[in-house]
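Have a look at the structure below, then the notes.
Here, each number is a calculation from the coordinates, and none is a lab measurement. As the structure is a prediction and not an experimental result, all values here were calculated from the model. Note: ideal-geometry Cβ built from the backbone for every residue, glycine included; neighbour counts use all protein chains shown.
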Amino acid sequence: MSGIREAIAEAARVVVLPEGIAKLTCSGYTPDSVTAPHFFVGEFSVDFDRAMRRSLDEAEITARVLVGLNDDRAAQRILDAMLSGAGPASLKQAIEAARGAPGEYALGGLAHDLHVKRVQGYRWYEHQGTQYIGAELIIRVIGEGGS
């Protein structure tokens, strides 16, 4: 899972935020501290043996995006742009671009496919004593179970 987590963070790095906004920082793990705006891959669950002989596992990954609170309205506009389904700031679009071309494996060969399923938990988050506005993205990844 470490490679998959890092590959998702790498895919998210291509997000382009509006001019004047700091570049999105990304981590394939839950960081000790964040530099907002920050995207990181957090918890995951794995359903093993979705097909016979370890031929398919399915993971559901929870990623978070946190935005600083210098101005609550502006922060929410930035977050909304990252949570949209399309556009230069869309995390969904950036992550799903890592699916590869038809017939190619996703995430540089680490998975068969992936899909950003939904956004949830749009709310205030506290991370290491600092408040952020943020949300979770739920990402489904499927791949061969034997690896």
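So the values come out like this:
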item	result
Residues HIS115 and ASP49, FRET efficiency given R0 of 30 Å [Cβ-Cβ distance, rounded to 0.05]	0.90
Those GluC sites (Glu not before Pro) in segment 5-100 that DSSP places in a loop and that have at most 11 other beta carbons within 10 Å	GLU19
Computed magnitude of the charge dipole of the chain (debye, nearest 20; Cβ of K, R +1, Cβ of D, E -1)	200
Value at 222 nm in deg cm²/dmol, rounded to 500, when DSSP H runs of n ≥ 4 in the chain each add -39,500 (n - 2.57)	-5500 deg cm²/dmol
Distant-in-sequence amide H partners of ALA89 (H built 1.01 Å from N, under 5 Å)	VAL16
Given charges at Cβ of Lys, Arg, Asp, Glu: the chain dipole, positive-most of ALA12, VAL34, GLY85	GLY85
Distance-filtered residues of segment 125-147 - backbone nitrogen under 19 Å, label point 7 angstrom along TYR105 Cα→Cβ	140-147
Residues with amide H under 5 Å from that of ASP113, placed H, sequence gap 5 or more	ALA106, ILE142
Estimated inter-spin distance, ARG77 and ALA22, nm [label 7 Å along Cα→Cβ]	1.9
Interchain or long-range residues, amide H under 5 Å from LEU24's placed H	LEU17
Span per principal axis, largest first, for the Cα atoms of the chain (Å)	53, 31, 21
Qualifying chymotrypsin sites (Phe, Trp or Tyr not before Pro) for segment 1-97 [loop in DSSP, other Cβ within 10 Å: at most 11]	none
Between 0 and 90°, nearest 10: helix 2-12 axis offset from the chain longest Cα axis	50
Sequence-separation-based contact order of the chain, relative, with Cα cut under 8 Å and 6+ spacing, percent	25
